[in-house]
Each structure stands twice: as structure tokens, then as C-alpha cells.
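I have placed the structure first, in the form of C-alpha cells, so that the comments after it can refer back to it.
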Amino acid sequence: MRAAPRYRTAHSGDVASIVQLVHSAYRGDASRAGWTTEADLLDGQRTDPEEVAELVLAADKRLLLSELEGELCGCVLVKHQPPALAHIGMFAVRPTLQGQGLGKGLLAEAERVARSELGAQRAEMTVIEQRPDILAWYQRRGYRLTGASEPFPYDDPRFGLPRRPDLRFLVLAKSLA
């Protein structure tokens, strides 16, 4: 039986590993080993060392890590938006470990941190509309579509190079109260 994952807050020494993990979960051929790949929708990067380093140092954000036997297996960003909202993003699980419940546990930890450490009563996130499988996964975790959407940042290659012209984000929310 495998040990339970351990959760902790990221520090500056984790930056390179986080960038590699996030990229492997969403971009390129390595991402196809899991079900969260965006390789058919986007090329290019998902994040970079500068962005991750900034997130690690930010006082209003928690970049949480999940480790199994000392190895990084997942990450999730929890951003406090006062007075009582938390935005959840940069959620990634190593592709070869997806489908084993690690994502459920990591999301539950993110919600716990949002509620107990940041005082959030509601969590929100954005998901690419063209990812019905991921939208359905979050809905099974209690997130609901809000009816709101956000445009994809086509003019910023830091978020990837779109392979189609119709990408947009749907906003999902869940009560944490």
C-alpha cells in the first residue's frame, strides 16, 4: 500500500520542479500520459520560472504541493481575493499518477487552506470551455458553472500558443461555508 500524500506550501527551491510538473500535465507529448492534457488545444508553455517564483513569494497566494515519498506529484495555487473569495488555479498532477485520487485530495487541501487560512467562503476557478471532461470532474467535486466566462489571452504567449480561435474560460464556483 502506498503512503498517503503529504501537503506543503512551495518555497523558492521548488520553482524548477513546479514548472516541469505543470508543463508535463498540460503541454507536449508527456501530457498525453494523463487525461488533463491541453496539447490538442495549445502549444508552447503553460508557465515559466518567473511566474512561479513570483507566486511562491506572494503574500496573498499559497502554492500548495503534494508529495509522495518525497517526490513532487501535484500542485495547486490558491489566491486570496478579499474579502472572502479564493481563486484556485495552476492545478496539476503528474500525468502518470492521474486517476488515482491524488487530484481529489489536493483539491480538498486547497479548499481547506482557502477556508481555514485565508478566510474564504467561496472558491472560483476558470476552465477552458473546450475541456468538457475537466469541467465534469470539477462539477463532481461540487463546483457549478456561474454563467460567466473570460476571454483566452491570445495576445500573451506566456499562457500558450492557441491551436484554435475559439478558446475561452468558463467560471466555476463552489461555496466553502
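The values are calculated or read from the model by the stated rules, or taken from the named source; none is laboratory data. What you see is a predicted model, and the numbers here were worked out from it, not measured in a lab. Cβ coordinates were reconstructed from backbone atoms using ideal geometry, including for glycine residues, and neighbour counts include every protein chain displayed.
Take the residues in segment 40-83 that are surrounded by fewer than 14 Cβ atoms within 10 Å (Cβ to Cβ) and hydrophobic (A, V, I, L, M, F, W, C); name whichever of them is farthest from Tyr26 (Cα to Cα). Across segment 40-83, the extreme among qualifying residues is Ala59. Taking first residues from segment 25-36 that are without any contact (Cβ under 8 Å) to a residue 40 or more places away in the chain and partners that are surrounded by fewer than 17 Cβ atoms within 10 Å (Cβ to Cβ) and part of a loop (DSSP other than H, G, I, E, B), the Cβ contacts under 7 Å between residues at least 6 apart in sequence or on separate chains come to Gly28/Ala39.
Inside segment 148-177, residues that are loosely packed, with under 10 Cβ neighbours inside 10 Å and free of Cβ contacts under 8 Å to residues at least 24 places away in the same chain make up a count of 4. Regarding Val171, is this residue modelled with pLDDT of 95 or more, out of contact with any Lys or Arg (no Cβ under 6 Å at 6 or more places or on another chain) and within 20 Å of Ser24 (Cβ to Cβ)? Answer is no for this residue. When Gln20 is tested against the conditions (1) surrounded by 20 or more Cβ atoms within 10 Å (Cβ to Cβ); (2) assigned to a helix (DSSP H, G or I); (3) at pLDDT 95 or above; (4) of a type in the set (S, T, N, Q), the lone failure is (1). The set of residues from segment 1-17 being in a strand (DSSP E or B), of a type in the set (D, E, K, R) and in contact (Cβ under 8 Å) with a residue 60 or more places away in the chain comprises just one member, Arg6.
Only strands (runs of 3 or more DSSP E) whose full extent lies in segment 54-146 are considered here, and the ones with at least 3 residues that are of a type outside the set (Lys, Arg) and touching a Cys at 6+ places or on another chain (Cβ under 7 Å) are 61-68, 85-93.
Of the residues Ala58, Ala33, the single one that is more than 15 Å from the chain's Cα centre (by Cα) and more than 22 Å from Trp137 (Cβ to Cβ) is Ala58.
Annotation: of all residues in segment 101-127 being among the β-branched types (Val, Ile, Thr) and out of contact with any Phe, Trp or Tyr (no Cβ under 6 Å at 6 or more places or on another chain), the one that is farthest from Gln81 (Cα to Cα) is Val127. Filtering segment 82-110 to residues that are out of contact with any strand residue (DSSP E or B) (no Cβ under 6 Å at 6 or more places or on another chain) and at pLDDT 95 or above leaves Ala84, Lys104, Gly105, Leu107, Ala108.
Residues considered: Glu51, Glu69, Glu38. Of these, the only one that is out of contact with any helix residue (DSSP H, G or I) (no Cβ under 6 Å at 6 or more places or on another chain), among the acidic types (Asp, Glu) and within 30 Å of Pro132 (Cα to Cα) is Glu51.
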